[in-house]
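Everything below concerns the one structure shown next.
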Amino acid sequence: MRLAQRKSDLSARFEELAWCETALGAISLRRRREPRLKVDVYEAKLGDEFLMSSLFTVGEVELAHLGLAGLPGRDLDVVVGGLGLGYTARTVAEDPHVRSLVVVEALGEVIGWHESRVLPNSAGLVTNPRVRLVHGDFFAMAAAPSGFDPEAPERRFHAVLVDIDHTPQHVLHPSHAAFYTVAGLRRLAHHLHPGGVFALWSDDPPETHFSAVLTEVFASVQSHVVTFPNPLTGEESANTVYVARLPLAQRATVTSTRWNSLTSE
Ligand SMILES: C[S@@+](CC[C@H](N)C(=O)[O-])C[C@H]1O[C@@H](n2cnc3c(N)ncnc32)[C@H](O)[C@@H]1O
């Protein structure tokens with residue numbers, strides 16, 4: 001086969017849609033044809049690590065379903081931490097019980113992928129009046145009294161669903177680690193209504209230590225193992241979704257002077 005023909009076949013099978021340096025490392029978005037499955041696969045990589053692939057979205061979608069399941073009411077206000085390819089956020093946005101969704105994403109470039117419709121999945125997010133894509137550091141917002149909505153400081157939510165790090169132990173940046181502690185999760189809990197839910201995606205099986213940390217802060221804690229067929233290996237893969245819920249009883253209002261002392265370990 002001629003070189004020009006091979007190059008043209010390659011570019012039909014593989015395309016780098018975006019690449020840039022960010023505070024977390026070089027991020028890239030690629031589209032490639034998966035010949036065995038005859039589908040286009042969208043992949044985001046951060047440095048050498050795969051951040052997200054459109055081939056594996058069952059756990060991301062289940063994060064939304066499991067996190068919202070059983071929340072009473074039709075006017076739910078929800079936060080999603082980590083936009084990525086948008087599967088979790090889009091599943092939340094499609095839930096008719098959700099009144100508003102704030103999606104917090106640290107990389108403006110990722111928000112740009114959706115706004116410029118480079119990804120096939122974006123329309124339901126960027127044109128939905130109930131959805132706002134907020135450029136910010138989820139963990140810094142979780143740790144601050146002002147919280148997740150820059151337009152409404154100290155606003156509380158019915159659910160906060162997070163898919164940012166690989167696992168509570170395997171974080172993308174060392175600054176994320178403090179979130180997965182009792183003090184970090186107590187700070188998060190102050191942004192939830194009584195009875196509110198925190199749900200977390202993890203690439204590892206359920207961890208006893210992290211479940212114990214959740215139990216210190218929340219009234220009920222469940223870890224769901226979500227299994228799905230891996231079309232590349234022909235075997236089954238699994239993710240974990242932790243779902244933790246606050247008690248329904250009203251809690252005391254926390255003033256900013258008490259914030260640090262209440263939430264330190
Ligand atoms: C695994 S992806 C999320 C996948 C998403 N659940 C989906 O359905 O496509 C993780 C996302 O978190 C973002 N991220 C990384 N650090 C963050 C931070 N500190 N605050 C908010 N988002 C962050 C990454 O840029 C990436 O878009």
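Here, each number is a calculation from the coordinates, and none is a lab measurement. If you're wondering where the values come from, they're calculated on a predicted model, not measured in any experiment. As a convention, Cβ positions derive from the backbone with ideal geometry for all residues, glycine included, and neighbour counts pool all protein chains shown.
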(message) Could you compute the net charge surrounding His97? Neighbours are other residues with a C-beta less than 14 Å from the C-beta of His97; K and R count +1, D and E count -1.
(response) -1
(request) Sort the stretch 41-178 into rounded, prolate or oblate with this rule: let a ≥ b ≥ c be the square roots of the eigenvalues of the Cα gyration tensor; rounded if a/c is under 1.5, and if a/c is not under 1.5, prolate when a/b is larger than b/c, oblate otherwise. (result) rounded
(message) Which of Arg74, Arg245, Arg90 ends up with the largest GNM mean-square fluctuation for the chain, with Cα atoms connected below 10 Å?
(response) Arg74
(request) Taking amide H positions as placed in the peptide plane 1.01 Å from N, state which residues far from Arg33 in sequence (5 or more) or on other chains have amide H under 5 Å from it. (result) Phe14, Val41
(message) Quick check: Cα centre of the stretch 84-136 to Cα centre of the stretch 13-32, how many Å?
(response) 19
(message) Using each residue's phi in the stretch 240-247, evaluate 6.51 cos²θ - 1.76 cosθ + 1.60 at θ = phi - 60° and report the 3J(HN,Hα) Karplus result to the nearest Hz, with x for Gly and Pro.
(response) 10, 10, 8, 10, 10, 10, 6, x
(message) How high is the relative contact order of the chain? Use alpha-carbon pairs under 8 Å, at least six apart in sequence, and give a whole percent.
(response) 15
(request) Please list the non-local residues whose amide H lies under 5 Å from the amide H of Ser237, H modeled 1.01 Å from N, same-chain partners needing a gap of 5 or more. (result) Phe228, Asn230
(message) Classify the chain from the C-alpha gyration tensor, please: rounded if a/c falls under 1.5, else prolate or oblate depending on whether a/b exceeds b/c.
(response) prolate
